[in-house]
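The values are calculated or read from the model by the stated rules, or taken from the named source; none is laboratory data. Keep in mind that this is a model prediction, so the values were computed, not measured. Just so you know, the surface numbers come from the protein's heavy atoms only, side chains and all, with ligands and any DNA or RNA stripped out. Shrake-Rupley method; radii C 1.70, N 1.55, O 1.52, S 1.80 Å.
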Amino acid sequence: MFQVFTDIASWLVYSVLGLSPETQLADALHFFIDDTLKIFALLLVMIYMIALIRASLNVERVRDYLAGKHRALGYSLGSLFGAITPFCSCSSIPVFLGFTSAGIPLGITMAFLITSPLINEVAVLLLVSLLGWKFTLVYIALGMTVGILGGIFLDAIKAERWLQPFAANALKQGQLKQGAEANSQIDTPALSDDTAPLSLAERHTFAKEEVVTIFRRVWKWVFIGVGLGAVLHGFVPEGFIESYLGAGQWWSVPAAVLLGIPLYSNATGVIPVMESLITNGLPIGTTLAFCMSTVAASFPEFILLKQVMQWRLLATLFALLLVAFTLIGWVFNATFPIM
């Protein structure tokens, strides 16, 4: 399927540029062109197809559906919706306020927001194409588990008391409204019925706009991610990573988590790096810990969330993610030392 891109990369690097296949530069450049073409093809084709399917899904529908669910079920549904409705850092505040205004418990909202940057349809497609179904299923399961357990923990410690006053008031008003509706025996609809289903033409328009929007948002991360992967692939000596970190030393996992925090990326941009790290011998657990930290525990995300959360809640969430990613790394290094 992707052989045509490999052939194009070979033609450009070896024929047009005249580089020798034996050189590190040729190896890195071939990797960069080949993987970039593969990823862009997936972005343009698969995002369009998936957007057709979820054209009618929006934040309001998700919010209304979650508002009527029991809390125990809500954690799983919140994490699931986070996986299929991707949002970037810039969307975190309006999404957060929309959920709290609907009276959805903080833990369910956080399950949604923790999972959303970790998993999205682009990341899943890239993982399947580059690393296979086994790794993809592991990644999805881990991302959703972190979101669910994080939501449960934050509710257990009553973390809503550490919201900024206006956000706490929005949550309180939303819960009072839900209580009034329950007392009046007014059922909250799972999905709004006042919006007519989109026509095929409208879905097509939505899908085209979705492709353009997502492509504009992630293309630079593709270049950055593939570029870093190419450097690792072409210039890091063979066996270097495996020699120093391949044994899965206990300290390598928390070190990878801390290293990933300032290296902000999204799930799309970090996947080529993940592929290259594994190819070069980095254990799966250390790789997962690094990539999850890069995507979900970044400074830009937390700076934005400071507008709706007090420092205590931000610090708690930050520590929760760091501990979760470190434990994941240790467990998978012990269980799956070789991918």
**Prompt:** Largest first, how would Val308, Val4 line up by accessible area (1.4 Å probe)?
**Reply:** Val4, Val308
**Complete:** Scalar couplings 3J(HN,Hα) for the range 307-314 by Karplus 6.51 cos²θ - 1.76 cosθ + 1.60 (θ = phi - 60°), nearest whole Hz, x for Gly and Pro, are 5, 10, 10, 6, 4, 4, 5, 4
**Complete:** Sorted by chain and number, the residues with a modelled amide H under 5 Å from that of Met309, at a separation of 5 or more or across chains, are Gln164
**Fill in**
Measure of exposure for Asp7: accessible area at 1.4 Å probe, Å² rounded to 10, is 80
**Prompt:** What list of ³J(HN,Hα) couplings, whole Hz, do you get for the range 325-333 from phi and the Karplus terms 6.51, -1.76, 1.60, once you set θ to phi - 60° and write x for glycine and proline?
**Reply:** 5, 5, 4, 4, x, 4, 4, 6, 5
**Request:** Can you sort Tyr75, Tyr48 by 1.4 Å-probe accessible area, starting with the largest?
**Result:** Tyr48, Tyr75
